[in-house]
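The values are calculated or read from the model by the stated rules, or taken from the named source; none is laboratory data. Not measured: the values here are computed from a predicted model. For neighbour counting, all protein chains shown are included, and Cβ atoms are generated from backbone atoms with ideal geometry for every residue, glycine included. Protein only, heavy atoms only, side chains kept; ligands, DNA and RNA dropped before computing areas. Shrake-Rupley method; radii C 1.70, N 1.55, O 1.52, S 1.80 Å.
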Amino acid sequence: MNSDLPRWATNIALPFLNLLSALFVAAAVIYLLGENPGEALGILIKSALGNAEGLGYTLFYTTTFVLTGLSVSVAMQAGLFNIGSDGQMYLGGLGLTLMMLQFDAILPAWLLIPLAFIGAAVFGAAWAFLPGYLQARRGSHVVVTTIMFNFIAASLMNFIIITYLIPAGEQNPASRMFAEAAWLPRLNDWLPVLGDTPLNISFLVAIFGLVIYGFVVWRTRWGYALRAAGKNAHAAHYAGISMASVIIITMMASGGLAGLAALNSISGSTHYLSLNFTAGAGFVGIAVALMGRQQPIGIFLAAALFGILMQGGFDLSFEKPNIPPETFIFIQGMIILFCGAMENMYAPALSRLLKLNWRKNV
Amino acid sequence: DQPKYALVYDAGGKFDRSFNQSAYEGAERFKKDTGLAYIDVQAISSVQGEQVMRNLARKGVNLIAAIGFTHAQQVQMVAKEFPKTKFVIIDGSANGANVSSILFKEQEGSYLVGVAAGLATKTKKLGFIGGIDVPLIRAFACGYVQGAKSVDNKIEVIQNIVGTTASAWNDPAKGSELARSQMERGADVIFPAAGGSGMGALQATKEKGKLGIGVDSNQNYLFPGVMLTSMVKRVDNAVYDNFMQLKNGTWKAGVTNLGLKEGGVDWALDKDNRAVISAEMEKRINTAKQDILSGKVKVVDPREAGSCPK
Amino acid sequence: MFEDFHFSTILIATIRNAPVLLFAAFAGVFAERSGVIDLALEGKMLASAFTAAACTYATQNPYWGVAAGIAVSCLIALLQAYVAINQRGNQLVFGIAINIAASGLTFVLAQYFFQLGGRSPDLGAARFALIEFPFAESWSSIPALNWLFGQFLGGHTILVYLAFALIPVIHWVINHSRFGLRLRAVGENPHAADAAGINVAQTRYMALLVGGVLCSFSGAYLAIVQSGFFLRDMSAGNGFLALTALVFGNWRPLQTAAGCLMFGFFAALQIQMEGVAFPGIGQIPGSLIQMLPYIVTVIVLAGVMAKSVAPKALGTPFVKSR
Amino acid sequence: MSNAVEFRQISKRFGKVVANDAVSFAIANGSIHGVIGENGAGKSTLMSILYGYYHADSGDILINGEVRTIRNSHAAIELGIGMVHQHFMLVDNMTVLDNIMLGMEGGFRLKQRRLQIAKELQQLCQDYQLELKLDAEIHTLSVGEQQRVEILKQLYRNANILILDEPTAVLTPQETDALFAILKVFKQQGKTVILITHKLPEIMAITDAVTVMRAGGVVASLETAKTDKEELAHKMVGRNVITELPRQTLHTGETILSVKQLGLKNAQGVSLLSDINFDIKAGEIVAIAGVSGNGQSELLEIISGMCLDKTEFITGTIKLGDTDISYHKPDPRLPAKLRRLGLGHVPEDRLRDGVIKDFSVWENILLGQQSDQIYLDKKASIAACNQLLEQFEVRPLDSSLRISQLSGGNQQKVVMAREIAAKPKLLLVGQPTRGVDIGTIQRIHTELLALRDAGVAILLVSAELEEIRALADRILVMSGGRITGELNIAEYDTTRIGLLMGGLHK
Ligand SMILES: Nc1ncnc2c1ncn2[C@@H]1O[C@H](COP(=O)(O)OP(=O)(O)OP(=O)(O)O)[C@@H](O)[C@H]1O
Ligand SMILES: Nc1ncnc2c1ncn2[C@@H]1O[C@H](COP(=O)(O)OP(=O)(O)OP(=O)(O)O)[C@@H](O)[C@H]1O
Ligand SMILES: [Mg+2]
Ligand SMILES: [Mg+2]
């Protein structure tokens, strides 16, 4: 579209201008709520990035969003819009919890942690299998089936937690807490400056996931098949790529990644499974995938942006009671709007400006 | 200097017209009575809850009251890290020498409003609407059914839940629809325990000229004349008392079960439902109350019994 | 088991449940048949629900509330058109952005104005009157007719009648009017429409605006008719359900309406399934019964209606070139 | 004679590309005016400007002697200009009638207008001898019929100036004749026709004047009667073009493809292919001639392993070398398996099947070969790709471009290069030069002949009899899903082939 703009302009200047616009709208709202926008922004940045512990929390949230963002991105590469990451993450949580409840008393940590991985990924993948299968074999729209599967997951999990997992006499609709052996090592074990943050090794898993994703999608035959199927089904057919298996396998990979996101929240932080623990992370994953253009670095940056808002926004509303936490939900929306949907708004103006400059120089 | 106090709400937030708000009112009353300030904050997720409680403890807050069962595990964890800080968990239980767990016997209050409903119904059909199917809501339902059946064993209680996701507490349209459906099937007194969705249900009962029952705080004032009563759960008292005890140096850790006897739950009678509750009804409800207090009637708690008697 | 079900009640509830979905799904029909994916139904619905409730409360007149809801919903639709058509932005991203923004802003505003935890005050008497058939009285002695005119057909608010009246109207507009013809052409092959001298951008703007108006009724119905107040996030996924009905109905008005009614029906049926002992199964737990409408949708999509065909240009911005 | 259209110094750039460079020429009223030029010469751009689709950066357009600004297609239509685009501008899932009335509805309610317009259209169909079902949906029509819809649309709109952009690229000879007959009637009525084509015989056959474009500019505007094919070809590409390529004598080897009793029915039981029997030996080109829609596409689809949805209705056997490759149940991976057995396939519809538009050129070179290795070595692939691009003179020579940035002709060269580079034993080639300019056609033909001489068996499906004549050693004529005749190239006879194509056995 804006091929006449230099790379630095499309990759840095435009996103920056867009982010600025979103922040401008946010500032207006904060001003109307009776607070000083500049001060608010200062608090937000400082609490999200300005100290090690805040940064730890920011990266903790980022981890979850990277994984759900990857989940949505993988599916998008194959032309599938997986709205079901949230449900898949929910089920992934069930998978790892069942594993941990079963084995946390008898197995050592170095076995439990891989088991948690497998449990989360397998259950997430299994929950994504059926929508994938129905799309591949019956042509049922994956968008609709995954939305439906989110609702179904909510019902199912409600039932399972209430009926089987609540320890006797407890109020909280949640499983019992896992034994410490099943807890993921936290990064503050090695980096004490991080303080009491739940940032754990799933952060490394997420980073590793980004690298693997980038490699598999762009440098292997599976990635090739995936992208080919996503861009042109006819040509994929011509090339002997089975659309059906690409769809099913991709959905399962997507679901598996979403399942892994549960690892961070449960094994890494709370250590028990509770009702609606995903808190909509799967939906943030959609925004992350779209804003990050399904590119590894983009996914990371978008996830980090949402992590910053989550952590900084929470602290800000704590310090400024006039700004309810919901304000940051609105700001999230504005950022997605300006950086995602109106990403090229400033492109014409910028290119005109650059040309003008260029003429002057000549 | 004076001790410092803090309140941590759960996802419902402080104006939910339900137990978060009730806690807020308790703290406000404490502030008014003593002139002492407090900090309050809302944590949307359990991770945030843990984070904020830790921050508050570090800031030197002496008593942190966490509202809602979702905070239970976090309280237990943070309390261990800060043995000098006192914690109160409301609606949930946590272990620790510095933790006070406040639980309510919702079934007892619900039993009383069940008696009221059983006396008020002409159709012998009642309605109950829960937000999500969780143990707490089951306790409400179970007490209500027991109360109604104590009046007339033939009374039938139609039960529904709103949903399974967090939006189940914020779906007044569905709440209203459930109430309508129950009324069309004959129910003439409806008891919603479903947060904001319940407001939709009460609205619908009002429109159809049937009776509604408020929950958690005294909601009789919402629709005077068509509110039969409210099942009040004195979260405000619990917060107020804990704050007061700390101030007076009488605060104690441990599990407290607040039932009728402790004034933790009750039914509400005020000017807004005076016209609906006849003297005869009032007498029978209070008799039921006496029976519970004296131990003559034991209201089954499904959380302990594992299920609700048929 | 069957004696546990009150089918007359289920039918009435179906009618009462349907308008929220009908209005939103029709909004989706216009947007998507013109080639713009409308994931923003949920956000428009929520924004208009808030505006409708707030204005109704302020003016004590539901009609002003509806008018204000229309205005806000149309403003969002205009922004949507600007993004989708002029900016050629990603339509899915727009939808998600608006849904999130609306969820946050309606709460913040509700809290700012009313201080009720994201609620509006009760609208009290400022709501739509129930419309009764004038001759219903005379039938009241015959139970069946009394039910038919008093409860099934009569006794609803004006928005219910509007929703049902719109079914044939929208079918006609889409399939038998000039606007509909152009709309379909633009959504299917905008290049062909453009070559035929049709202004693609203008047609899509119109479609989104009509959708804006329709979607606002959905929000108004939620707030003014069904609840009597606004509450945060009260759209509760209905916008997505409407989209599902749209896909289910193959983007055609009549089938889409049928999809909405089906959802309404199963929602009503599900309410009555709680506590019923089924032979051989016993009582099904409430949380599992909640799945019913969604499972039915999946089964229907997988079985009966395999392969629904979206408008070909859906989601792709129109750029003049081959 | 006055001029219907006159271009004065029209210039148009797309970014750095100059599509039209000070184009000036005039088109006489009541004439048929040809415009020719290589791919990318700027023909379509110029016509799009005339139709209000693009705006010229500078220059004027005169319609009937008056300077006009044509802001959009609507304005062009008002001026009596009609255009039949290179890619048809029809809405697939609407009826012929609705497509024609689109933009001309005349009122909010369609019902009565529909009846009225249908009547008028029937009259027009009679006048111009067009056969069309007005209530048929577009996607059910053949390409030729779709083009008739486009023309009927222009007739109904009373276009006085009709632009046709490569209208014959997808037509059979019969359909082309029918089209030209209509154009002649058009001309008789005093209307003006602008005809863009790559086929010089057509220019010679029907136009009154011709403009040759190259690299955005006008090379010459000539009276058709005063020029010939050779001169035009020379002016077009700037060098001499040999129209007849030299061919070496036939040396056939063993049988590579053997098709026996092949048949295909659709789900309704209608026979699409029946009784197909033929062999192809190494080193020969067997061409299939026929009006499109007579089973050629299905035949290619089955042999290439791409038939998925109606496999249960396939009968007969196919052998590739000694391997039986007949299949009766769907296997989506079959095309890849067949490739490993030595089958190459240049698909009929290259944009749909042959390339992935959003992929770079080097990635497209891997299409079909993607499953040979797990790791895709980008550097090595690009190097290999560049070599191929050089060999096949693909322009621009840049394997990292998205393939959609190449012109159709160059895309075709990429597909061809890919399939040839895999060293197939059998190459299936569908419509290799559709919409491709003369220079490129020559290049592609040269490659195919070289392949034949190297001992590859080639099955060619083409709607161009000229192409078949230039390449084939044997010709099979198909009609109604059967092979209606077979002849050697020595027996080539257009009339006889035409009759066979019409299903007339002699
Ligand atoms: N939409 C576009 N964007 C950028 N450049 C374009 C566009 N359309 C055409 N061009 C440029 O204009 C030049 C002329 O293209 P045009 O389509 O007019 O050629 P043509 O003569 O019609 O070719 P063909 O015989 O292949 O149809 C091309 O070489 C190309 O560089
Ligand atoms: N979006 C674009 N950006 C840049 N160049 C383009 C674009 N679209 C087309 N072109 C250029 O246009 C030229 C011809 O494009 P055009 O679309 O006319 O091809 P075509 O008519 O399909 O080709 P052919 O006549 O060979 O079938 C190519 O050289 C290509 O580089
Ligand atoms: Mg062209
Ligand atoms: Mg061309």
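The distance separating the Cα centre of segment D:243-280 from that of segment B:21-85 comes to 83 Å. Converting phi to 3J(HN,Hα) with the Karplus coefficients 6.51, -1.76 and 1.60 and the offset θ = phi - 60°, segment B:153-163 yields 5, 7, 5, 10, 10, 7, 10, 9, 10, 7, x Hz in sequence order, with x at every glycine or proline. Based on C-alpha pairs under 8 angstrom that are at least 6 apart in sequence, segment D:1-159 has a relative contact order of 20 percent.
Please report, in debye to the nearest 20, how large the charge dipole of segment D:319-451 is about its Cα centre when each Lys and Arg carries +1 at its beta carbon and each Asp and Glu carries -1 there.
Working: 19 positive and 16 negative charges, 38 e Å.
That gives a dipole near 180 debye.
Debye-formula intensities of chain D, expressed as log10 I(q)/I(0) at q = 0.08, 0.13 Å⁻¹, are -0.55, -1.37 (one equal scatterer per alpha-carbon, no solvent).
Taking all protein chains together and rolling a 1.4 Å probe, B:TRP169 ends up with roughly 80 Å² accessible. In this structure, D:GLN391 and D:LEU245 have a Cβ-Cβ separation that, at R0 = 22 Å, corresponds to a calculated FRET efficiency of about 0.75. Summed over both chains, the accessible area lost when C and B associate is about 2700 Å², using a 1.4 Å probe. With all protein chains kept in place, the per residue accessible area of the protein assembly as shown amounts to 38 square angstrom at a probe of 1.4 angstrom. Here's the picture: charge each Lys and Arg Cβ at +1 and each Asp and Glu Cβ at -1 in chain D, and of D:LEU121, D:GLY430, D:GLY253 the one pushed furthest to the positive end of that dipole is D:LEU121.
In a simple Cβ point-charge model (Lys, Arg +1; Asp, Glu -1; nothing else charged), the protein assembly as shown has a dipole of about 1020 debye relative to its Cα centre. Can you list the lysines whose alpha carbon sits under 22 Å from that of D:LYS329, skipping same-chain ones fewer than 8 residues off? D:LYS329 reaches C:LYS307, D:LYS260, D:LYS265, D:LYS310, D:LYS319, D:LYS337.
With the charge dipole of segment D:84-150 set up from +1 on Lys and Arg Cβ and -1 on Asp and Glu Cβ about the Cα centre, the Cα lying farthest toward the positive end among the listed residues D:LEU134, D:THR95, D:GLN112 is that of D:GLN112. Placing unit charges on the Cβ atoms only, positive for Lys and Arg and negative for Asp and Glu, gives segment A:216-362 a dipole magnitude near 920 debye about its Cα centre.
If you average the C-alpha positions of segment D:152-227 and of segment C:10-35 separately, how far apart do those two centres end up, in angstrom? If you average the Cα positions of each part, the centres end up 51 Å apart. Surface calculation, 1.4 Å probe, protein heavy atoms: D:THR140 sits at approximately 90 Å² accessible. Placing a label point 7 Å from the Cα of D:GLU131 along the Cα-to-Cβ direction, the residues of segment D:282-323 whose backbone N falls under 17 Å from that point are D:291-294. Amide H contacts of D:MET213: D:ILE36, D:GLY37, D:VAL219, each under 5 Å away and 5 or more positions distant or on a separate chain (H built 1.01 Å from N in the peptide plane; Pro and chain starts excluded). Per residue of C:279-292, other chain Cβ atoms within 10 Å of the residue Cβ number 6 on average.
Go ahead and run the numbers for FRET between C:PHE5 and C:TYR63, Cβ-Cβ distance against an R0 of 45 Å, rounding to 0.05. Write down the numbers at each step before the final one.
Details: r = 38 Å, r/R0 = 0.84.
Step by step, r from the Cβ atoms, then E = 0.75.
Between D:SER58 and A:GLU39, what FRET efficiency follows from the Cβ-Cβ distance if R0 is 51 Å, with the result rounded to 0.05? All intermediate terms of the calculation are to be shown ahead of the outcome.
Values: r = 55 Å, r/R0 = 1.07.
So the FRET efficiency works out to roughly 0.40.
Note on C:ALA144 and D:VAL185: their simple-model spin labels are 6.3 nm apart, each label 7 Å out from Cα toward Cβ. Helix-only arithmetic for chain C: the sum of -39500 (n - 2.57) across DSSP H runs with n ≥ 4, divided by the residue total, places the mean residue ellipticity at 222 nm at -20000 deg cm²/dmol. Computed from phi, the 3J(HN,Hα) profile of segment A:38-49 under the Karplus parametrisation 6.51, -1.76, 1.60 (θ = phi - 60°) reads x, 4, 4, 4, x, 4, 4, 5, 5, 6, 8, 10 Hz, with x in place of Gly and Pro.
Considering only protein heavy atoms and a probe of 1.4 Å, how much of the accessible area of the protein assembly as shown is carbon and sulfur, as a whole percent? About 57 percent, which is the carbon plus sulfur part of the accessible surface.
So how much accessible surface do C and D hide from each other in total, probe 1.4 Å, in square angstrom to the nearest 100?
Numbers: alone 15060 and 23500 Å², together 36260 Å².
It comes to approximately 2300 Å² buried between C and D.
Which pairs in the list B:LYS122/B:LYS289; D:LYS184/D:LYS357; B:LYS14/B:LYS283; D:LYS133/D:LYS229 are over 31 Å apart, alpha-carbon to alpha-carbon? Violating the 31 Å Cα-Cα cut-off are D:LYS184/D:LYS357; B:LYS14/B:LYS283; D:LYS133/D:LYS229. In segment A:219-362, taking the dipole from charged Cβ atoms about the Cα centre, the farthest positive-side position among A:ALA261, A:ALA347, A:PRO324 is held by A:ALA347.
From its DSSP helices (H runs of at least four residues, each -39,500 (n - 2.57)), chain D gives a residue-normalised ellipticity at 222 nm of -9500 deg cm²/dmol.
For the protein assembly as shown, taking a cut-off of 4.7 Å between Cβ atoms, the unpaired cysteines are A:CYS339, C:CYS55, C:CYS74, C:CYS215, C:CYS260, D:CYS125, D:CYS307, D:CYS385.
Derived scalar couplings between HN and Hα for segment A:202-211 equal 5, 4, 5, 4, 5, 4, 4, x, 4, 5 Hz in order, rounded to whole Hz, by the Karplus curve 6.51 cos²θ - 1.76 cosθ + 1.60 (θ = phi - 60°), x for Gly and Pro. Straight-distance candidates among the aspartates and glutamates for linking to D:LYS111, with alpha-carbon spacing under 16 Å and chain neighbours fewer than 8 residues away dropped: D:ASP98, D:GLU120, D:ASP135.
For segment D:380-442, what relative contact order do you get, as a whole percent, if you take Cα pairs closer than 8 Å and at least 6 residues apart? Before the final figure, lay out each step's value.
Numbers: 38 pairs, mean separation 18.8, N = 63.
Computed over segment D:380-442, the figure is 30 percent.
Pairs of alpha-carbon atoms within less than 8 angstrom and 6+ residues apart define the contacts here; what relative contact order does segment A:204-331 have, in percent? List each step's numbers first, then the result.
Values: 62 pairs, mean separation 19.3, N = 128.
Result for segment A:204-331 is 15 percent.
Annotation for C:LEU130 and B:VAL255: the two label points, set 7 Å from Cα along the Cα-Cβ direction, are 4.8 nm apart. Averaging the Cα positions of each part gives two centres, and for segment B:157-198 and segment C:221-288 these lie 14 Å apart.
Seen against the Cα atoms of chain C and their longest principal axis, helix C:200-220 is set at about 20 degrees.
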